[in-house]
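One structure is given here, and the rest of the page talks about it.
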Amino acid sequence: MNKNIDHTHPAKDMNMERGNGGETHQRASDDTKVLTTQQGVPISDNQNSLKAGARGPTLLEDFVLREKIHHFDHERIPERIVHARGSAAHGYFELTESLEEYTTAKILIETGKQTPLFTRFSTVAGSKGSKDTPRDVRGFSVKVYTEEGNWDLVGNDMPIFFIQDAMKFPDLVHAVKPEPDRGFPQAASAHDTFWDFVSLSPETMHNLIWLMSDRGIPRSLRMIEGFGIHSYRLINKDGKSTFMRFHWKPVLGVQSTTWDEAVKISGADPDYHRRDLFESINNG
Ligand code: HEM
């Protein structure tokens with residue numbers, strides 16, 4: 001029982017604790033689960049902020065209040081500028097061959113163990129509600145819930161990228177987004193502002209050729225490859241380091257639609273890839 005709380009206050013009749021300012025205190029006890037901060041620290045009071053004395057100002061050191069307000073300020077997430085349209089699924093990672101020679105990360109050493117993960121596939125240019133089948137790069141991001149912490153691996157379905165310098169990223173994305181004077185085309189990469197950008201940025205050519213190939217219009221999210229965005233340095237137990245990249249290879253092989261098919265599918269079923277993923281999982 002908290003010494004600072006006046007248990008002789010009338011609120012006692014209501015079976016409720018009150019503080020010196022008359023404020024109510026509601027505490028978890030017995031079997032009730034304790035509310036925690038995002039770091040897991042038990043929250044002592046979720047209804048009253050910390051004050052300097054009964055009438056004092058609110059204290060900045062009240063991290064529970066700060067976290068609650070911060071979370072509140074950000075609870076409506078604005079649509080992302082890139083990769084807004086995505087479909088995701090739960091799965092697991094199971095290692096078949098130990099990589100002990102290269103790393104000490106348990107997930108890459110212990111074979112046969114299933115580690116849960118969540119994978120999100122996305123298009124890049126289109127808005128959240130845009131179709132699944134435009135000619136575009138596909139994002140391939142994986143969050144693995146390993147024993148040693150959450151491991152994010154972000155990739156695309158193409159192993160190279162349009163630009164090397166993040167300074168050019170906003171220009172690239174503005175160019176691939178709808179034309180500024182008319183607001184279309186939605187989700188599509190082959191249009192004037194994009195051609196303008198790539199024609200002035202020769203380093204885009206490699207990725208451009210991939211994009212304009214059949215790879216730009218995948219048949220299914222189950223039939224794309226994934227290429228981790230970064231090169232990583234793995235360090236083994238002897239301190240020896242090796243540079244490496246992660247690639248995902250689909251069991252079903254890489255398959256595309258033809259342009260003619262993709263155009264028809266877009267009209268008939270804008271959610272084609274999401275539906276395919278959902279139904280395939282449901283069908284086992
Ligand atoms: C200069 C290079 C790049 C910059 C500046 C950049 C920037 C960004 C930004 C700002 C976002 C949105 C994040 C959000 O709103 O939460 C994003 C998302 C993403 N990026 Fe990049 N990006 C770059 C290159 C790449 C490359 C090379 C790949 C893959 C090989 C990639 C894959 C992704 C994916 C998959 C997402 C969506 C992640 C998800 O599904 O949650 N990006 N990127």
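Laboratory data are not the source of any read-out in this text; all were calculated from the coordinates shown. Keep in mind that what you see is a predicted model, and the values were worked out from it rather than measured. We place every Cβ from the backbone using ideal geometry, glycine too, and count neighbours over all the protein chains shown.
Once the Cα-Cα distance is subtracted from the 0.36 nm per residue extended length, the residue 23 to residue 89 segment shows a gain of 19.2 nm.
With a 10 Å cut-off between alpha carbons and a GNM built on the chain, which of 202, 78, 57 moves the most? In the Gaussian network model the winner is 57. Between residue 127 and residue 54, the simple spin-label model (points 7 angstrom out along Cα→Cβ) gives 5.5 nm. Region 183-199 and region 212-249 have Cα centres lying 27 Å from one another.
Taking 253, 216, 155 as the candidate residues, the one with maximal mean-square fluctuation in a Gaussian network model of the chain, Cα springs under 10 Å, is 253. With the cut-off at 1.5 for a/c, could you classify region 86-282 from its C-alpha gyration tensor as rounded, prolate or oblate? Here region 86-282 falls in the oblate category.
Entry note, the chain: relative contact order of 14 percent, from Cα contacts under 8 Å with a spacing of 6+ residues. Summing charges over all other residues whose Cβ lies under 12 Å from the Cβ of residue 230, with Lys and Arg as +1 and Asp and Glu as -1, gives +1.
For the chain, modelled as a GNM whose springs connect Cα atoms under 10 angstrom apart, the maximal fluctuation among 169, 243, 197 occurs at 243. Each peptide in 117-123, 90-96, 127-133 gets a packing score, the mean of other Cβ atoms within 10 Å over its residues, and the list from highest to lowest is 117-123, 127-133, 90-96. Between the amide H of residue 156 and those of 140, 227, 229, distances stay under 5 Å, these residues lying 5 or more places away or on another chain, with hydrogens modeled in the peptide plane. Cross-linked pairs 128/264; 51/143; 131/168; 106/249; 68/131: Cα-Cα separations exceed 30 Å for 51/143; 68/131.
Helices in the chain, meaning DSSP H runs of at least 4 residues, each add -39500 (n - 2.57). Divided by all residues, the mean residue ellipticity at 222 nm is -6000 deg cm²/dmol.
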